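Data first, discussion second: the structure below is written as structure tokens.
The values are calculated or read from the model by the stated rules, or taken from the named source; none is laboratory data. Here the structure is a predicted model, which is why all the values come from computation and not from measurement. In this analysis, Cβ positions are derived from the backbone assuming ideal geometry, glycine residues included, and neighbour counts consider all displayed protein chains. Side chains included, ligands, DNA and RNA excluded: accessible areas come from the protein's heavy atoms. Shrake-Rupley method; radii C 1.70, N 1.55, O 1.52, S 1.80 Å.
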Amino acid sequence: MKKILLLLICCSLLSCKKEYTVERSFCYWKTTYWNDSIDQRTADSLGVKHIYLRLFDVGWNPYAKSAAPMATLWDFSDDVNQMQVTPCIYITNDAIQQSTRPQLKKLAEDVRERMNTILNETRSKTARYTAYKKVNDSVYKGDMDSLERYETTMFDNRIKEILIDCDWTQGSRDNYFYFLSELKKEIPAYKVAATIRLWQYRDHEKAGVPPVDNGLLMCYNMESPTDHKNKNSIGSPKILRQYVNHDDYPLKLNAALPIFNWSLVFRGGQFLGILANSDMIDMNGKRFKKIDENRYVFTRDEVIGETFYRNGDEVRIEKVSDAEMREMISILKDHIDLENSKVTFFSWDENFIKDYGIKNISRYYSLFGS
């Protein structure tokens, strides 16, 4: 009788367990953005309500001997997409490590200035385009000016935080954390988030924990793509488990997983580059011979795009399989509290989404309990 009672109590506790929810997100990491860059029907099918959007990079200028913004996406105006947006800025470790404290303080000001320039331009265009569409629609009431003011407010409500992406090291840690602290002073209206590489998660006592509001754990690019010996540099459950092996990281985390693929080319064991237009190439055709599970060799000299490949050059095709993705999600759930966190996939591309399939990607989100 006692055993039955205990069993009933356990079942009751399990049935009352709070539902685990995550915010469905995607990364958009391209250098151009058009009104239809993110297909709203696809986003709706996936239940995606948030996007991490790359704005610009910061690199070290050896001539000016200072860090400087570059490769800027000046405008992401869109009168269709109304998702929440986290603008992202990628900063090279070199730019952080070589900068002096006064230069880092100036860099925080430069980042704020360029970010505001982009947001002001995008806000103005988005509000104007959206208001223009509505003022010509009998469903909406109000004149152009009032609608534009409303859409301006709506745009601002969509952006609450900024993400800084930098693979800092122990040597650059103090400089990087100083920069983040200065940036937070420059943009008090926004939360500041930072990417967390897997080694920075596992070895956080050595790497340090950045002074930000939350982190984005990057669960991909786990090994060097240029190393010929690696099987899949994008990632695998085996490698992820080596890093995500504790649950005491002292910062609220979101998680990023890969749905991209690429084909890497080697000559004599040395990395040549990424095979262009690989999604349009039939690896089972006469131009290639399969030599391993995910490796092929050219059977003749070939020009693809603007690159000349030789007979014998090796191609390693990398992608996280469906089974591997499910196992990686299980590892994250076992070790990290992701309730009410963002789960994002890198990156938004029609070919990548088509390759994995909307149903599969949606199931991946659901595995987190959302």
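If the condition is being free of Cβ contacts under 8 Å to residues at least 12 places away in the same chain and either crowded, with 19+ Cβ neighbours inside 10 Å or not in a loop (DSSP other than H, G, I, E, B) (or both), then region 17-73 contributes ARG41, ASP44, ASN61. Scanning region 160-212 for residues that are of a type in the set (A, V, I, L, M, F, W, C), open to solvent by 50 Å² or more (accessible area, probe 1.4 Å) and in contact (Cβ under 8 Å) with a residue 40 or more places away in the chain yields a single hit, TRP199. Restricting region 321-370 to residues that are of a type outside the set (A, V, I, L, M, F, W, C) and open to solvent by less than 10 Å² (accessible area, probe 1.4 Å), the residue that is farthest from SER25 (Cα to Cα) is TYR364.
Criterion applied to ASN232, ASN221 was being closer than 30 Å to ALA193 by Cβ, buried (at least 19 other Cβ atoms within 10 Å of the Cβ) and at pLDDT 95 or above, and the one residue passing it is ASN232. Suppose the filter is modelled with pLDDT of 95 or more and part of a helix (DSSP H, G or I); does LEU119 pass it? Yes; evaluated as a whole, the condition is true for this residue.
In region 136-153, the count of residues that are open to solvent by less than 20 Å² (accessible area, probe 1.4 Å), out of contact with any strand residue (DSSP E or B) (no Cβ under 9 Å at 6 or more places or on another chain) and closer than 30 Å to GLU121 by Cα is one or more. Quick check: is even one residue across region 171-186 within 19 Å of the chain's Cα centre (by Cα) and in a loop (DSSP other than H, G, I, E, B)? Checked region 171-186: no residue is within 19 Å of the chain's Cα centre (by Cα) and in a loop (DSSP other than H, G, I, E, B).
Per the conditions (1) more than 30 Å from MET325 (Cα to Cα); (2) open to solvent by 50 Å² or more (accessible area, probe 1.4 Å), the sole criterion not satisfied by THR226 is (1).
If I ask for residues that are of a type in the set (S, T, N, Q) and not in a helix (DSSP H, G or I), which ones from region 127-154 would you list? Talk me through it step by step, then tell me what you get.
Going through region 127-154, the residues of a type in the set (S, T, N, Q) turn out to be 130, 136, 138, 146, 152-153.
Answer for region 127-154, where residues must be of a type in the set (S, T, N, Q) and not in a helix (DSSP H, G or I): ASN136, SER138.
Among the criteria (1) within 21 Å of the chain's Cα centre (by Cα); (2) crowded, with 20+ Cβ neighbours inside 10 Å; (3) not hydrophobic (A, V, I, L, M, F, W, C), the one ASN93 does not fulfil is (2). Selection of strands (runs of 3 or more DSSP E) fully inside region 240-295 by the criterion of at least 3 residues being closer than 19 Å to SER224 by Cβ and open to solvent by 20 Å² or more (accessible area, probe 1.4 Å) returns 270-274. In this structure, PHE76 qualifies as more than 20 Å from GLU186 (Cα to Cα), surrounded by 15 or more Cβ atoms within 10 Å (Cβ to Cβ), among the hydrophobic types (A, V, I, L, M, F, W, C) and touching a Ser or Thr at 6+ places or on another chain (Cβ under 8 Å). Sub-9 Å Cβ pairs linking a first residue in region 265-277 that is under 10 Å from THR307 (Cα atoms) to a second residue that is open to solvent by 70 Å² or more (accessible area, probe 1.4 Å), at least 6 apart or interchain, are ALA276/GLU306, ordered by first then second residue.
Out of the residues in region 187-214 that are in a loop (DSSP other than H, G, I, E, B) and among the aliphatic types (A, V, I, L, M), state the one that is nearest to the chain's Cα centre (by Cα).
Looking only at region 187-214, we keep the residues that are in a loop (DSSP other than H, G, I, E, B), and these are 187-190, 197, 203, 208-213.
Keeping just the survivors that are among the aliphatic types (A, V, I, L, M) gives 187, 189, 209, 212.
Numbers: ILE187: 22, ALA189: 23, VAL209: 20, VAL212: 17 Å.
So, considering only residues that are in a loop (DSSP other than H, G, I, E, B) and among the aliphatic types (A, V, I, L, M), the one nearest to the chain's Cα centre (by Cα) is VAL212.
Of all residues in region 296-320, those being under 22 Å from SER347 (Cβ atoms) and surrounded by fewer than 13 Cβ atoms within 10 Å (Cβ to Cβ) number 1. Among the conditions (1) free of Cβ contacts under 8 Å to residues at least 12 places away in the same chain; (2) of a type in the set (A, V, I, L, M); (3) within 25 Å of ASP44 (Cβ to Cβ), the only one that MET280 does not satisfy is (3).
For region 111-135, which positions are within 19 Å of ALA68 (Cβ to Cβ) and crowded, with 17+ Cβ neighbours inside 10 Å?
Across region 111-135, the qualifying residues are VAL111, ARG112, ARG114, MET115, ILE118.
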